[in-house]
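Engineer: Below you will find the structure I want to go over with you.
The values are calculated or read from the model by the stated rules, or taken from the named source; none is laboratory data. These figures come from a predicted structure and were not determined experimentally. Neighbour counts are summed over all protein chains in view; Cβ atoms, including those assigned to glycine, are modelled from backbone coordinates with ideal geometry.
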Amino acid sequence: MARIRHLFISPGHNYFGHHGQPPGEHPIVEVEAVECVAGRGLRGDRFFDFKDDYKGQITFFAWETLEAMRRELGLHEAPAAATRRNVITEGLDLNALIGREFELQGVRFFGVEECRPCYWMNRAFGDERVEAWLRGRGGLRARILTSGWLRRDTAT
C-alpha cells in the first residue's frame, strides 16, 4: 500500500539555474495537502507553469531510499525536505514507474524519468557522498495527467 509521508512545495529555486552561484534562500514548505493541476504542476510550487509539457511538473522520492541513505552514510538526522522533491512516498517502486501511467490518491500521473541527482544534493545534505550514493535512486519526475489533491497520510 503506497503512502504519502511528506509533501513539499517551494516558491522559488534554490539550486535550479544557480550553477556557479550560491544557492537561493527560498523556504521549503511542508504542507498537509497540495493541488495538482493537470499539465501545469503543483499550485504554489516553483515549477508551476514553468513551461509547456514540462517533465518535472511533480517529483517523487522514496522514503525507503532516504532511510537507507541515513543508515549507510550515517546521516541520521538528514531531513526529507533536503531531497528537494515534492512527494515523499512509502511502498512505491519509483523506478518501475518510468514510462508508465500511475495513480496516487485518485490523481493520474505519467512517470517521465529518474530525478538524476546533481552536485547540489551534496550541499543540500551537507555531505560530499550524497550525489554518488543517490545515482539510480534519485526519485521520479512526472507529468500530472488529471487535476486533484494529494494529502499527506496522517498515520506516519
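Engineer: Conditions first: (1) under 17 Å from Gly91 (Cβ atoms); (2) free of Cβ contacts under 8 Å to residues at least 40 places away in the same chain; (3) not aromatic (Phe, Trp, Tyr). Arg135 passes all but one, so which condition is the exception?
Structural biologist: (1)
Engineer: Among the listed residues Glu128, Glu103, which satisfies the condition of being of a type in the set (Asp, Glu) and over 28 Å from Glu72 (Cβ atoms)?
Structural biologist: On the way: Glu128 fails: over 28 Å from Glu72 (Cβ atoms).
Within the list Glu128, Glu103, the selection yields Glu103.
Engineer: Could you list, in sequence order, all residues of segment 49-71 that are among the β-branched types (Val, Ile, Thr) and out of contact with any Asp or Glu (no Cβ under 9 Å at 6 or more places or on another chain)?
Structural biologist: Thr59, Thr65
Engineer: Taking the conditions exactly as written (under 22 Å from Ser10 (Cα atoms) and hydrophobic (A, V, I, L, M, F, W, C)), does Ala96 satisfy them or not? Can you show your working first?
Structural biologist: Numbers: under 22 Å from Ser10 (Cα atoms): no; hydrophobic (A, V, I, L, M, F, W, C): yes.
So Ala96 fails the test.
Engineer: Looking only at segment 126-145, how many residues end up being closer than 17 Å to Asp53 by Cα and either modelled with pLDDT under 95 or touching a Cys at 6+ places or on another chain (Cβ under 8 Å) (or both)? Give the derivation first.
Structural biologist: If we filter segment 126-145 for residues that are closer than 17 Å to Asp53 by Cα, which is where we start, we get 140-145.
Retained after the next criterion (residues that are either modelled with pLDDT under 95 or touching a Cys at 6+ places or on another chain (Cβ under 8 Å) (or both)): 140-141, 144.
Here the count works out to 3.
Engineer: Can you give me the number of residues within segment 69-89 that are under 20 Å from Arg152 (Cα atoms), in contact with a His (Cβ under 6 Å, 6 or more places away or on another chain) and either of a type in the set (Asp, Glu) or in a helix (DSSP H, G or I) (or both)?
Structural biologist: Step one: of segment 69-89, the residues under 20 Å from Arg152 (Cα atoms) are 78-89.
Checking the rest, the ones that are also in contact with a His (Cβ under 6 Å, 6 or more places away or on another chain) come to 80, 88.
Those still in the list that are either of a type in the set (Asp, Glu) or in a helix (DSSP H, G or I) (or both) too: 80.
Result for segment 69-89: 1.
Engineer: To continue, here is another question. Suppose we filter Leu66, Leu92 for residues that are closer than 18 Å to Ala2 by Cβ, among the aliphatic types (A, V, I, L, M) and in a loop (DSSP other than H, G, I, E, B); which single one remains? Before the answer, list the steps.
Structural biologist: Working: Leu66 fails: in a loop (DSSP other than H, G, I, E, B).
Of Leu66, Leu92, the one residue that is closer than 18 Å to Ala2 by Cβ, among the aliphatic types (A, V, I, L, M) and in a loop (DSSP other than H, G, I, E, B) is Leu92.
Engineer: Of everything in segment 36-66 that's among the acidic types (Asp, Glu) and within 15 Å of the chain's Cα centre (by Cα), which residue is surrounded by the fewest Cβ atoms within 10 Å (Cβ to Cβ)? Walk me through how you get there before you give the answer.
Structural biologist: Start the filter on segment 36-66 by keeping residues that are among the acidic types (Asp, Glu), which leaves 45, 49, 52-53, 64.
Cutting the leftovers down to within 15 Å of the chain's Cα centre (by Cα) gives us 45, 64.
On the way: Asp45: 23, Glu64: 15.
So, considering only residues that are among the acidic types (Asp, Glu) and within 15 Å of the chain's Cα centre (by Cα), the one surrounded by the fewest Cβ atoms within 10 Å (Cβ to Cβ) is Glu64.
Engineer: Let me ask something additional. Residue pairs, Cβ under 6 Å, 6 or more apart or interchain, first in segment 105-129 and surrounded by 14 or more Cβ atoms within 10 Å (Cβ to Cβ), second modelled with pLDDT under 85. List them.
Structural biologist: Pairs found: Trp120/Tyr15.
Engineer: How many of the residues making up segment 91-130 are of a type in the set (Asp, Glu) and within 15 Å of the chain's Cα centre (by Cα)?
Structural biologist: At the first step, the residues of segment 91-130 found to be of a type in the set (Asp, Glu) are 93, 101, 103, 113-114, 127-128.
From the residues that got through so far, the ones that are within 15 Å of the chain's Cα centre (by Cα) too are 93, 113-114.
Looking only at that region, the number is 3.
Engineer: Hey, can you tell me all the residues within segment 110-125 that are farther than 24 Å from Glu72 by Cβ and either modelled with pLDDT under 95 or out of contact with any helix residue (DSSP H, G or I) (no Cβ under 8 Å at 6 or more places or on another chain) (or both)?
Structural biologist: Initially, segment 110-125 is screened for residues farther than 24 Å from Glu72 by Cβ, giving 110-113.
Phe110, Val112, Glu113 - these are the residues of segment 110-125 that are farther than 24 Å from Glu72 by Cβ and either modelled with pLDDT under 95 or out of contact with any helix residue (DSSP H, G or I) (no Cβ under 8 Å at 6 or more places or on another chain) (or both).
Engineer: Could you list, in sequence order, the residues of segment 95-141 that are out of contact with any Pro (no Cβ under 6 Å at 6 or more places or on another chain), hydrophobic (A, V, I, L, M, F, W, C) and in a helix (DSSP H, G or I)? Explain how you work it out, then say what you get.
Structural biologist: Step one: list which residues in segment 95-141 are out of contact with any Pro (no Cβ under 6 Å at 6 or more places or on another chain), which gives 95-130, 132-133, 135-137, 139-141.
Pick out the ones that are also hydrophobic (A, V, I, L, M, F, W, C) and you get 96-98, 102, 104, 107, 109-110, 112, 115, 118, 120-121, 124-125, 130, 132-133, 140.
Result: Ala96, Leu97, Trp120, Met121, Ala124, Phe125, Val130, Ala132, Trp133.
Engineer: Also, quick follow-up: Is it fair to say Phe60 is in a strand (DSSP E or B), over 19 Å from Arg5 (Cα atoms) and touching a Phe, Trp or Tyr at 6+ places or on another chain (Cβ under 9 Å)? Step through it out loud before you land on a result.
Structural biologist: Details: in a strand (DSSP E or B): yes; over 19 Å from Arg5 (Cα atoms): no; touching a Phe, Trp or Tyr at 6+ places or on another chain (Cβ under 9 Å): yes.
For Phe60, the condition - in a strand (DSSP E or B), over 19 Å from Arg5 (Cα atoms) and touching a Phe, Trp or Tyr at 6+ places or on another chain (Cβ under 9 Å) - is not met.
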